[in-house]
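Scroll down for the structure; my scribbles are underneath it.
The values are calculated or read from the model by the stated rules, or taken from the named source; none is laboratory data. What you see is a predicted model; the values in this text were computed from it and never measured. When we count neighbours, we look across all protein chains shown, and the Cβ atoms used for this are built from the backbone with ideal geometry, even at glycine. Each accessible area value is taken on the protein alone, full model and side chains, heavy atoms only, with ligands, DNA and RNA left out. Shrake-Rupley method; radii C 1.70, N 1.55, O 1.52, S 1.80 Å.
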Amino acid sequence: MQAEIIAVGTEILLGQIVDTNSAFIARELAEAGIEVYYHSLVGDNADRLTAVVNQARSRSDLVIISGGLGPTKDDLTKQTVAHLLGVKLIEDAPAMVKIRRHFATADRPMTPNNRLQALYPEGSQPLKNRTGMAVGAFYQDPNAADIMLLPGPPSETEPMFVEQAVPLLKATYNRDEYLVSRVLRFFGIGEGQLVTVLSDLIDGQSNPTIAPYAKVNEVTLRLTAQAQDEAAGTKLLDQMTATIKGRVGEYLYGYGDENSLAAVVVNDMIARGLTITGAESLTAGKFQSTLGDVPGVSAIFPGGFVTYANSAKHDLLGIPQEIIDRDGVVSAATAQQMAERSRALLDTDFSLSFTGVAGPDALEGHPAGTVWLGLAQRGHEPRARLVHLTGTRAAIRERSVMTGLDWLRRVLNGLK
């Protein structure tokens, strides 16, 4: 079973918005056991869209098109596909009721072009749009590739695809084999080093396959296994995961497309009933903001300190002025003091501190990228760690936070 995804939208071609639908659809298809061989992008032009769809139908079994189902003049997808198939557009009555109700509730006149959102190619199975108004469609063609039409906004595409399209595709194609995927997330190791350590596994891969991806500040591996059922596929993934962990397990922090290092650390601390605070200089609150992005963090994070100026370090945290004068703010002593005093003030189990030089100018004779991290833990002497980072000011601050989180993760796991 070979599928192809086409994204429609001139605004995507111009770089005004990013196509996230194709990546989402591809992941969902893989989980459903349907392989994607091609992705295409085309603007809002009937002739070019016809050419792209014809090419896709000549080499694929299933063509999924997202975008161009709205009411404006440049929304041409369903009209173009209906013309290509030689069928007319018909109205989906429930969708039309929803559209009329929307305008009545909003006390706005409904213009004739809004009716376009309720139309779909005759002979298709309509797909209900729970979060929007444009109806989707699935057209099965006994002589060529099947075609599925989806709306463009991700807030409409994603629920429609998960709730309606995936069950429909599984029932239609009744796959005898499953593709089961797992994403492994790493921090502290570059893509080049990771690929080198795992080169024999990657070069000799067959089932599962291993695909490395470099992301901002981290690297991921996507493992994909093909099997007769989900349990067999999961077993293959477990075996490969164990092999990979045996080589680079210290850098593996979690799993999943939507996961993050902050989420792993916060959820681990919640499970252990451990609290955390922070004292920040060069990161200016970024660490605490990152913690705040994780749902449920209020259970373990009472608050913290942003002590950007030297006077704030002294006045808010009580760091003796003689330590700042003697060692400087870019120092192990200041990082340790920031961590331990913030921890004691809020009576938490842990605290992380960040002080250093984000750049672009040097500070106290230290070049940009010189960062001291402090870690305080109840019942232990505070520690400090020096790291040298490169990149822009924003990149140094972001990497500092990630490095601190990874240090805390390792301490929690007893690695270091």
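Do you know which of the residues in the range 228-277 that are open to solvent by 50 Å² or more (accessible area, probe 1.4 Å) and not in a helix (DSSP H, G or I) is nearest to Arg185 (Cα to Cα)? For the range 228-277, the residue satisfying everything is Tyr255. Residue check: is Ser298 touching a Gly at 6+ places or on another chain (Cβ under 9 Å), among the polar types (S, T, N, Q) and either modelled with pLDDT of 95 or more or assigned to a strand (DSSP E or B) (or both)? Yes; evaluated as a whole, the condition is true for this residue.
Among residues of the range 69-91 being charged (D, E, K, R) and surrounded by 21 or more Cβ atoms within 10 Å (Cβ to Cβ), the one that is nearest to the chain's Cα centre (by Cα) is Asp75.
Residue count for the range 37-65 satisfying the condition of being more than 16 Å from Gln79 (Cβ to Cβ), of a type in the set (Ser, Thr, Tyr) and open to solvent by less than 50 Å² (accessible area, probe 1.4 Å): 2. Scanning the range 341-363 for residues that are among the acidic types (Asp, Glu) and more than 19 Å from Asn310 (Cβ to Cβ), we see that the one that is surrounded by the most Cβ atoms within 10 Å (Cβ to Cβ) is Asp349.
Filtering the range 124-167 to residues that are hydroxyl-bearing (Ser, Thr, Tyr) and either over 24 Å from Leu84 (Cβ atoms) or part of a helix (DSSP H, G or I) (or both) leaves Thr131, Ser155, Thr157. For the range 233-262, a residue qualifies if it is touching a residue at least 60 places away in the same chain (Cβ under 8 Å), in contact with a helix residue (DSSP H, G or I) (Cβ under 8 Å, 6 or more places away or on another chain) and not β-branched (Val, Ile, Thr), and the qualifying residues are Glu250, Tyr251, Leu252, Tyr253, Gly254, Asp257, Leu261, Ala262. Just wondering, is there one or more residues in the range 364-382 that are open to solvent by 70 Å² or more (accessible area, probe 1.4 Å), more than 14 Å from Phe287 (Cβ to Cβ), in contact (Cβ under 8 Å) with a residue 12 or more places away in the chain and not small (Gly, Ala, Ser)? Yes: one or more hits. Screening Ser351 against (1) more than 26 Å from Asp268 (Cβ to Cβ); (2) assigned to a strand (DSSP E or B); (3) of a type in the set (Ser, Thr, Tyr) leaves a single unmet condition, (1).
Of the residues making up the range 198-227, those that are aliphatic (A, V, I, L, M) and surrounded by 15 or more Cβ atoms within 10 Å (Cβ to Cβ) are Leu198, Leu201, Ile202, Ile210, Val219, Leu221, Leu223, Ala225, Ala227. Out of the residues in the range 29-87 meeting the condition of being part of a helix (DSSP H, G or I) and of a type in the set (Lys, Arg), tell me which one is nearest to Gln164 (Cα to Cα). Here the answer is Lys78.
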